[in-house]
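> Take this structure first; my questions come after.
The values are calculated or read from the model by the stated rules, or taken from the named source; none is laboratory data. Computed from a predicted structure; not experimentally measured. Every residue, glycine as well, gets a Cβ built from its backbone with ideal geometry; the counts of neighbours run over all protein chains shown.
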């Protein structure tokens, strides 16, 4: 992904180009990890709807995303089955775990709510970037197109979570916190091992 494209997503640090080469060598692991990423994304949207049912726009906007993310899980599972591979065990997602540690603990509930939405936006933006790398660099033309579809979807989700944060929270505060989280993500990525068996 180019610098300008990363700027569109807000990301401050591009993925190490070695990642996509490692991912291609670990396609079964990548597909398993991807499947669980989609499953967790659906679960997180359900969690937000359950916790904030009073926010009509959030409920209305995230309800179809639940269906979409679960459909993505089924698409990846179908690809695993087609290749006569197996869905392995769910792996620890160190990247997401580290981002979740940045969510404000205690204090005002609206700040925690904002942080949750922004962390979800950041995960979707990074996923979009990784899917774009796969869509451009994999040698298998079919898999390049497979990941291009996911890239387009994740870009829309990233924007949706940012828009929801600005709908329900002070826009200036959202922009300030978003920039802070983008800087903190650089530190998280710099400390994580480059692994080809993980989406993140």
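> Scan segment 182-200 for residues that are crowded, with 16+ Cβ neighbours inside 10 Å and farther than 23 Å from residue 116 by Cβ and jot them down.
Selection gives 195, 196, 197.
> Which residue is nearest to residue 134 (Cα to Cα), if the candidates are limited to segment 1-30 and must be touching a helix residue (DSSP H, G or I) at 6+ places or on another chain (Cβ under 6 Å), assigned to a helix (DSSP H, G or I) and at pLDDT 90 or above?
20
> Taking residue 112 and the conditions (1) within 19 Å of residue 189 (Cα to Cα); (2) in a helix (DSSP H, G or I); (3) free of Cβ contacts under 8 Å to residues at least 12 places away in the same chain, which numbered condition does it fall short on, given that it satisfies the others?
(1)
> If you don't mind, another one. Which residues, taken from segment 78-109, are part of a helix (DSSP H, G or I) and either crowded, with 17+ Cβ neighbours inside 10 Å or free of Cβ contacts under 8 Å to residues at least 24 places away in the same chain (or both)? Please lay out each step first, then the result.
Our first condition is that a residue be part of a helix (DSSP H, G or I); within segment 78-109, this holds for 78-82, 94-100, 109.
Matches in segment 78-109: 78, 79, 80, 81, 82, 95, 96, 97, 98, 99, 100, 109.
> So the check is Cβ under 7 Å with 6+ separation or different chains; which pairs have a first residue in segment 170-197 that's on the phi < 0 side of the Ramachandran plot and a second one that's surrounded by fewer than 13 Cβ atoms within 10 Å (Cβ to Cβ) and not in a loop (DSSP other than H, G, I, E, B)?
194/18; 196/25
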